[in-house]
1. Mind checking which pairs have a first residue in segment 85-101 that is more than 18 Å from Leu24 (Cα to Cα) and in contact (Cβ under 8 Å) with a residue 60 or more places away in the chain and a second that is β-branched (Val, Ile, Thr) and open to solvent by less than 50 Å² (accessible area, probe 1.4 Å), Cβ under 7 Å, 6 or more apart or different chains?
2. Among the residues of segment 42-53, count how many are touching a residue at least 40 places away in the same chain (Cβ under 8 Å) and either assigned to a loop (DSSP other than H, G, I, E, B) or not hydrophobic (A, V, I, L, M, F, W, C) (or both).
3. Taking segment 55-102, which residues are outside any loop (DSSP other than H, G, I, E, B), over 17 Å from Ser14 (Cβ atoms) and over 11 Å from the mean Cα position of the chain (by Cα)?
4. For segment 1-47, name all the residues that are of a type in the set (Lys, Arg) and at pLDDT 95 or above.
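The values are calculated or read from the model by the stated rules, or taken from the named source; none is laboratory data. From a predicted model like this one, the values you see are computed outputs, not experimental measurements. Note: ideal-geometry Cβ built from the backbone for every residue, glycine included; neighbour counts use all protein chains shown. Just the protein is used for accessible areas: all its heavy atoms, side chains included, with ligands, DNA and RNA removed. Shrake-Rupley method; radii C 1.70, N 1.55, O 1.52, S 1.80 Å.
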Amino acid sequence: MATTERELSLVSLSESAAAKIKELMAEEPDGEAAVLRIAVQGGGCSGFQYALGFDRGPQEGDNELVSHGVPVVVDPFSAPYLTGTEIDWVEGLQAGFAINNPNVSASCGCGHSFQVEEGEAPEGAAGCGSGCSH
């Protein structure tokens with residue numbers, strides 16, 4: 001597990017995002033949503049896309065933290081791309097999670113995929129992710 005200092009700067013949730021996540025976790029069957037897993041995957045028009053979902057618990061090597069009472073895990077591959085990221089919940093016509101990632105150098109107009117300064121896009125990163133239209 002990472003040090004406390006690193007955990008605090010890895011990913012954070014706003015109070016509204018934490019409240020929404022707790023609400024969604026409560027709707028899941030017992031044991032199915034013990035933690036929020038945040039990851040990056042290859043794909044989308046800009047190279048990477050975010051993956052947020054519930055998991056039964058941390059896996060070996062995961063970075064573990066708690067933000068506003070929500071247990072969060074981030075795999076070791078995703079951690080460098082997510083350091084300093086804040087996740088917010090935005091109400092309104094198009095309510096949803098807003099991800100503020102300081103590591104992003106470019107993103108798709110749809111907001112579903114992004115690119116970072118260093119490194120190349122992962123294999124299979126061509127094409128536009130779901131929800132994106134040009």
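1. Correct list of pairs: Thr85/Val11.
2. Of all residues in segment 42-53, those touching a residue at least 40 places away in the same chain (Cβ under 8 Å) come to 42-50, 52.
Now narrow it down to the ones that are either assigned to a loop (DSSP other than H, G, I, E, B) or not hydrophobic (A, V, I, L, M, F, W, C) (or both): 42-47, 49-50.
Number of matching residues: 8.
3. Asp55, Asn63, Glu64, Pro80
4. Listed by number, the residues that qualify are Lys20, Lys22, Arg37.
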